[in-house]
1. Can you go through I100, I140, I144 and tell me which one is without any contact (Cβ under 8 Å) to a residue 60 or more places away in the chain, buried (at least 18 other Cβ atoms within 10 Å of the Cβ) and closer than 15 Å to R45 by Cβ?
2. If K61 meets every condition in (1) in a loop (DSSP other than H, G, I, E, B); (2) at pLDDT 95 or above; (3) more than 18 Å from L211 (Cβ to Cβ); (4) not aromatic (F, W, Y) apart from one, which number is that one?
3. Among the residues in segment 34-50, are any closer than 18 Å to R90 by Cα and assigned to a loop (DSSP other than H, G, I, E, B)?
4. Pick from segment 9-33 the residues that are over 29 Å from I178 (Cβ atoms) and not in a strand (DSSP E or B): which of them is modelled with the lowest pLDDT?
5. Given (1) closer than 29 Å to Q212 by Cα; (2) in contact with a Cys (Cβ under 9 Å, 6 or more places away or on another chain), where does R90 come up short, assuming only one miss?
6. Please determine whether any residue of segment 93-109 is of a type in the set (A, V, I, L, M), within 23 Å of R205 (Cβ to Cβ) and over 15 Å from the mean Cα position of the chain (by Cα).
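The values are calculated or read from the model by the stated rules, or taken from the named source; none is laboratory data. Not measured: the values here are computed from a predicted model. Counting neighbours? That spans all protein chains shown, and the Cβs are built from the backbone with ideal geometry, glycine included.
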Amino acid sequence: MHERGRYDRAAVFAVLDAGLLCHVAYTLDGQPYCTPTIHWREDDRLYWHGSSASRMLRQLKAGTPACLTVSHLDGLVLARCGFNHSANYRSVMCFGTARIIDDPEEKAHALLGVVNRFYPGRSDDLRTTSAQESKATTVIGMRIEDASAKVRAKGVADDEEDYDHPVWAGVISVRTVIGADQPCPRLLPGIARPDGLSAYREGERLDEALLQTQRLYENES
């Protein structure tokens, strides 16, 4: 529906930044592909990664049109007739040209970004990525050339004559919530949970935690 559309940067970025997983679709040699992967954003540029052993990804070297989507399910909407059942959701479609990042400096920056975007400052405490590990990882970048978001965030919208129909109607809320930590059993003595993970508190909504880490990432970049 037209009224659900959003086209400003703030609306598009809000949906992108609240998600950890995206789906990227493109056509290579006449074959359509849709790949689920982790994405991260820097201004109007999106990144994702994959294995350098993937023949499919290697074909992106010259650049190919791509569509990246992110979606969130926020509620199940039960109406008084099947036609008016719906869902509350946030979604975005971003279009651009996907290319493999070959520049060593940009690739190194992107590989730091895939960690620091979600776990602010964590790269400073990690073992340095080896040259072989970097070589085994393909980083793909895409500048957003066009994008649209769609959002439904309301209750039941029945036909007026149906409100007297004797059946339960309403919205069943849906949330992805962070659970309890499961520390590695081989942690060295005295290693505490770092402050950079403060957004990921038990009971916190994942989308809100991701928005918080994105703000920290932008402030530190």
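1. I100
2. Among (1) in a loop (DSSP other than H, G, I, E, B); (2) at pLDDT 95 or above; (3) more than 18 Å from L211 (Cβ to Cβ); (4) not aromatic (F, W, Y), K61 violates only (2).
3. no
4. Looking at residues that are over 29 Å from I178 (Cβ atoms) and not in a strand (DSSP E or B), I get D29.
5. Tallying (1) closer than 29 Å to Q212 by Cα; (2) in contact with a Cys (Cβ under 9 Å, 6 or more places away or on another chain), R90 fails exactly one: (2).
6. So far as segment 93-109 goes, no, none of its residues is of a type in the set (A, V, I, L, M), within 23 Å of R205 (Cβ to Cβ) and over 15 Å from the mean Cα position of the chain (by Cα).
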